[in-house]
1. DSSP loop (so not H, G, I, E, B), at most 12 other Cβ within 10 Å: list which trypsin sites (Lys or Arg not before Pro) in the range 118-151 pass both filters.
2. Which angle from 0 to 90°, rounded to the nearest 10, does the C-alpha axis of helix 477-499 make with the longest principal axis of the chain?
3. Please give the net charge around Leu495, taking every other residue with its beta carbon less than 13 angstrom from that of Leu495, where Lys and Arg add +1 and Asp and Glu add -1.
4. Can you give the translational diffusion coefficient of the range 152-277 in µm²/s, computed by Stokes-Einstein from the Kirkwood radius over Cα pairs at 20 °C and 1.002 mPa s?
5. Could you go through the range 148-156 in sequence order and give the Karplus-derived ³J(HN,Hα) for each residue, using 6.51 cos²θ - 1.76 cosθ + 1.60 with θ = phi - 60°, rounded to whole Hz, and x for Gly and Pro?
6. I want the local charge near Phe116. Using Cβ-Cβ distances under 14 Å, sum +1 for each Lys or Arg and -1 for each Asp or Glu among the other residues.
7. If you count, for each residue, the other Cβ atoms within 10 Å and average over each peptide, how do 354-361, 190-197, 233-240, 475-482 line up from highest to lowest?
8. For the range 426-476 and the range 197-222, what is the centre-to-centre distance using only Cα atoms, to the nearest Å?
Amino acid sequence: MGSIPMHVFPMPPIRTKFVPKGIVMKNIHSYVVLTLTLVLTVALTALPASAVDKPVKVYILSGQSNMVGIGQVTGGGSRWGSEFIAPVLSVYPGKYERGADYEKMAPTKTLKLESFGGVRPTPYLGGGTQIVRGFIQIKAKGVYELRPGYGGSTNNIMEVDGNEVYRKEPGKEAVHTPIKLTAGKKVPFKITYLTDQANGLGWIARIDIPGTLATVVKQDGKFSYVVDKNGNWVERKDVWYKGVVTAGASKWLSVGCGAGNNNIGPELGFGHIVGDFHDEPVLILKASQGNRSLGWDYLPPGSQQFEHEGFVYAGYKDSPSRWEKGSKPKPINWYAGKQYDDCFSAAHKVLNNFDKEFPHWKGRGYEIAGFVWWQGHKDGGEPHASRYEQNLVRLVRTLRKEFDAPKAPFAIATIGFGGWKMAGPHKTVAEAQLAVGGDKPEYPEFRGNVLTVETRGFWREPELSPRNQGFHYNQNAETYMLVGEALGKGMLKLLKARNTP
């Protein structure tokens, strides 16, 4: 919700003649409080109805695995254990005291921890302020983030080689300070637990692996809006994410809305763009599944059979995907359009139970604000590539009818595998996507409300990425963020065009 500048409602000069009749003012402070109360009341009354009353804006995102979200957040955090050498627990009398010099105090008891980390660390002794000391030695040089503790035991302070790398005081947010470590070099560590809850559990993650979100944001300084001042991933409290079929998280928009807790898809960049635009809250509803084609799995209702090189290819609800012309098809346990049915029936189920699914918006209702589509890898062969344009046109029309949103903006992202070196059927698919999002005279109803964004410039080579996995854009989080931002900006262009007389 946007704020109203105070100069719109200027305070009158503080003079007794402005005191409302019948109110006895004890002092000037009371008058200031009253004046501010009146200002805030007028300000809230003047807010547009959209800020408090209008329906939630719903964006439906769909596609295959890259829409599911395979961008890596970190290099993959793992439970710590073997990195730690000779850890010893020391227990000091009384509860933790800020400012106490425990280095000069004698412990009441000590314990050599035979097992530290893993899943069954040696139990701590308890009974006072507990501090663990020892050494850490990693195998691969890099920048690391350490996350000591689990549950209540996360309230602690950790130091490595004399540098504070983690601090979480009870009731406060954790503060992470990454540290650069050298392979094979043994350096001291210390963990001071601030409450009675303490154990040897912990996680370690390398955060400078090229192409991970952690590296792109925290090392390269890009997309800084996804972290707070303490380096924690931001939860956007005006944008809710809900995934169906896959990527099934349901939470305020943050990392971990992709294929797993360590993944992102385009929803992250997209959600921030549209969230900034709307006064109303936003729901990102993602209905997607990997390894699916538009010409078979997502084939829209109403699609007809066609012939190609001696085969008949399935129309909507037909099975199998093709059969020899003149023969009788033998159905399999899948049919043309089943993924369409599965994804969008699941989306309907969420929307039909809106108040139950989203009790924080109970009674507010929703409006389909737009659709987003990112898909195409599985159609990179014939005849699906050559028919992609007509299938995509039908998808746009069908989804708008399906959700009773005939003029809802529709943003499409091209496939971008290999960047501008792309050739063959995948290039055919990309060109078909661009054709549908242009101003072709064949689709007059799409003019100004369907737009395709080009993603081939967002391709990052394997050596700049977490994985050599081209069909998942090498799991490069920068690619996924750029695609999401481009789709968000494209959506805003359509929204602004619609609202312009």
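Each reported figure results from applying straightforward, stated rules to the coordinates on display, with no laboratory input. Because the structure is a prediction, the values reported are computed rather than measured. Glycine also receives a Cβ, built like all others from the backbone with ideal geometry; neighbour counts cover every protein chain displayed.
1. Lys139
2. It works out to around 60 degrees.
3. Combined, the nearby Lys, Arg, Asp and Glu give +2.
4. For these conditions, the coefficient is 129 µm²/s.
5. Going residue by residue, I get x, x, 8, x, x, 6, 6, 7, 7 Hz, with x marking Gly and Pro.
6. +3
7. Ranked from most to least packed, the peptides come out as 475-482, 190-197, 233-240, 354-361.
8. About 30 Å separates the Cα centre of the range 426-476 from the one of the range 197-222.
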